[in-house]
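This report concerns only the one structure given below.
Please treat every number below as a calculation from the coordinates, not as lab data. Predicted, not measured: the structure shown is a model, and the values here were computed from it. All Cβ positions, even for glycine, are placed from backbone atoms using ideal geometry, and neighbour counts span all protein chains on display.
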Amino acid sequence: MAYFDNAATTYPKPECVYSFMDEFYRNHGGSAGRGNYALANSAKGVVEETRDLLKELLHCPAKQVIFTPTATIALNMIIQGVILMGVRNVYISPFEHNAVTRTLHCFEQSGQISVTVLSVSDSLQYDFPRIRYQFEGLKPDLIIISHASNVIGLVSPVEEIFSLGKTYGAVTLVDMAQTAGLVDLDVGLETVDFAVFAGHKTLMGPTGISGFIMNPDFELPPVLFGGTGYDSANQQMPDSMPERYEMGTLNIAGVAGLNAALKWIKSQSVSELFREEAKRRRRLIELLNAYDFIKIVGNVEGRRYVGIVSVLINGISSDIAGSIFAERGISVRTGLQCAPKAHQFLGTYPAGTIRFSVNSLTDDRDFKALRDALDDIAVNL
């Protein structure tokens, strides 16, 4: 099998992730924060070390790391919490995932918020004069930006957008599901209120462990409730962090895997991982461009991208194309990739695209298998 679906989840993981998860869960798999015995304490030690590794990676030593099972849950906790605080005018990029847009849609339908899409040109450039005009007409209360599109891989200028938004007093939230550990971003900046990460994507860890970074002074109301192993007599969620937002038993095996992945990223360096992924993306585009029945979507010279490429194939729907590739041992993602708004912007709605996504571990065997599959498709079209 040749794997070109790293935007869904990275595969394979670094070997150290598999081995440390196995070793840790066999020998140290207690419940962190739920006792004062050796197994619980060793689990707690790995949890706290993993928080510190994330703070180091994302340049935010003064901020708080909150663990959640998925990035979708993290986004819901933040969005629903700030809406409870009275947020009304929400701005998003054209490239947001359903984890954001479905959550906002629920509150927009009930009349609690309005949602406006930031102005982006046909050449995929954020139009800052136009965005300033948008903010002047309707002051932003909340700005949500996907750091990189999960459909075409376009990296957004988060720092500049958030800096402008803060002049209007906006709360800012960046979705780093496709970039944490790959595209360097200073989450410690005062202009970044919240940053969401997905442990199983560019962070190279297992599924089931994600979370968000937040300013500890931000009084975000909790929207999920339950046991925390702390202050149990109190029926209100604790004021202390991270307990205020970490209810239920933590996925300690997942944290252990993320811990190993973060150490692996540190040993490689973020800049080197991005360079390696960019090389493989260029190789992928060169390969795809060799076939005249393939049209690449949303690739503009001079823009910055992670290793995601979406294409259309002449005369074949994306869903059928997915089956054709699967029959030839090629793993790709087809359809709308949980981002219908992005496809509406790109003109590929409702059928969607065929998405290929590489990373630094995509190797020559993957590319050879893809070339063989494309040659076979070319003969049989």
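For the range 174-190, what does the Karplus curve 6.51 cos²θ - 1.76 cosθ + 1.60, with θ = phi - 60°, yield as ³J(HN,Hα) per residue in whole Hz, taken in order and with x for Gly and Pro?
Once rounded to whole Hz, the list reads 10, 8, 9, 4, 9, 9, 4, x, 10, 10, 5, 9, 7, 6, x, 4, 5.
Evaluate the charge dipole of the range 191-340 about its Cα centre and quote only its size in Debye, nearest 20, assuming +1 on the Cβ of each Lys and Arg and -1 on the Cβ of each Asp and Glu.
Values: 15 positive and 15 negative charges, 181 e Å.
With only Lys, Arg, Asp and Glu charged at Cβ, the dipole is about 860 debye.
Rank by packing, highest mean first: peptides 331-342, 197-208, 118-129, 154-165, with packing defined as the count of other Cβ atoms within 10 Å averaged across residues. If you can, show how the numbers build up before the last one.
Details: 331-342: 21.9, 197-208: 26.1, 118-129: 14.6, 154-165: 19.8.
In decreasing order of mean packing, 331-342, 197-208, 118-129, 154-165 become 197-208, 331-342, 154-165, 118-129.
Distance between the C-alpha centers of the range 216-287 and the range 35-112? Whole Å please.
8
For the range 149-264, what percent of Cα pairs sit more than 19 Å apart?
Working: 3762 of 6670 pairs.
In whole percent, the share of Cα-Cα pairs in the range 149-264 beyond 19 Å is 56.
How many percent of all Cα-Cα pairs in the range 1-144 sit more than 24 Å apart?
The share of Cα pairs beyond 24 Å in the range 1-144 comes to 56 percent.
Among 137-149, 274-286, how do they line up by average Cβ neighbours within 10 Å per residue, starting with the highest? Numbers along the way, then the final one.
On the way: 137-149: 22.3, 274-286: 17.4.
In decreasing order of mean packing, 137-149, 274-286 become 137-149, 274-286.
Pick from 234, 314, 27 the residue whose mean-square fluctuation is largest in a GNM of the chain, springs joining Cα atoms under 10 Å.
So, out of 234, 314, 27, the one fluctuating most is 234.
How many percent of DSSP beta bridges within the range 136-221 run antiparallel, rounded to 5?
Numbers: 6 of 14 bridges.
That works out to approximately 45 percent antiparallel.
What ³J(HN,Hα) values, in whole Hz, does the Karplus curve 6.51 cos²θ - 1.76 cosθ + 1.60 give for the range 43-55 when θ = phi - 60°, with x put for Gly and Pro?
5, 4, x, 5, 4, 5, 5, 5, 4, 5, 5, 5, 4
Looking only at the chain, where both bridge partners belong to it, what percent of the DSSP beta bridges are antiparallel (to the nearest 5)? Please report the intermediate quantities before stating the final value.
On the way: 25 of 43 bridges.
Close to 60 percent.
What list of ³J(HN,Hα) values in whole Hz, one per residue of the range 75-80 in order, does the Karplus curve 6.51 cos²θ - 1.76 cosθ + 1.60 (θ = phi - 60°) give from phi, with Gly and Pro shown as x?
Running phi through 6.51 cos²θ - 1.76 cosθ + 1.60 with θ = phi - 60° gives 4, 4, 4, 6, 4, 5 Hz.
If packing is taken as the average count of other Cβ atoms within 10 Å, what order do 257-266, 69-78, 45-54 fall into, highest mean first?
257-266, 69-78, 45-54
Scan around residue 120 for amide H atoms under 5 Å from its own, H built in the peptide plane at 1.01 Å from N, and keep only partners 5 or more places away or cross-chain.
Amide H neighbours of residue 120: 127.
State, in angstrom, two size descriptors of the range 187-241 derived from its alpha carbons: Rg to one decimal place and Dmax to the nearest whole number.
Radius of gyration, then largest Cα-Cα span, for the range 187-241: 14.2, 39 Å.
With all distinct Cα pairs included, what does the Kirkwood hydrodynamic radius of the range 15-267 come out to in Å, to one decimal, could you say?
Numbers: mean 1/r = 0.0530 Å⁻¹.
Result for the range 15-267, one decimal place: 18.9 Å.
Can you tally the net charge around residue 265? Count Lys and Arg as +1, Asp and Glu as -1, for every other residue whose Cβ sits under 11 Å from the Cβ of residue 265. Walk me through the numbers on the way to the answer.
Details: positive: 263, 266; negative: 56, 272.
Its environment carries a net charge of 0.
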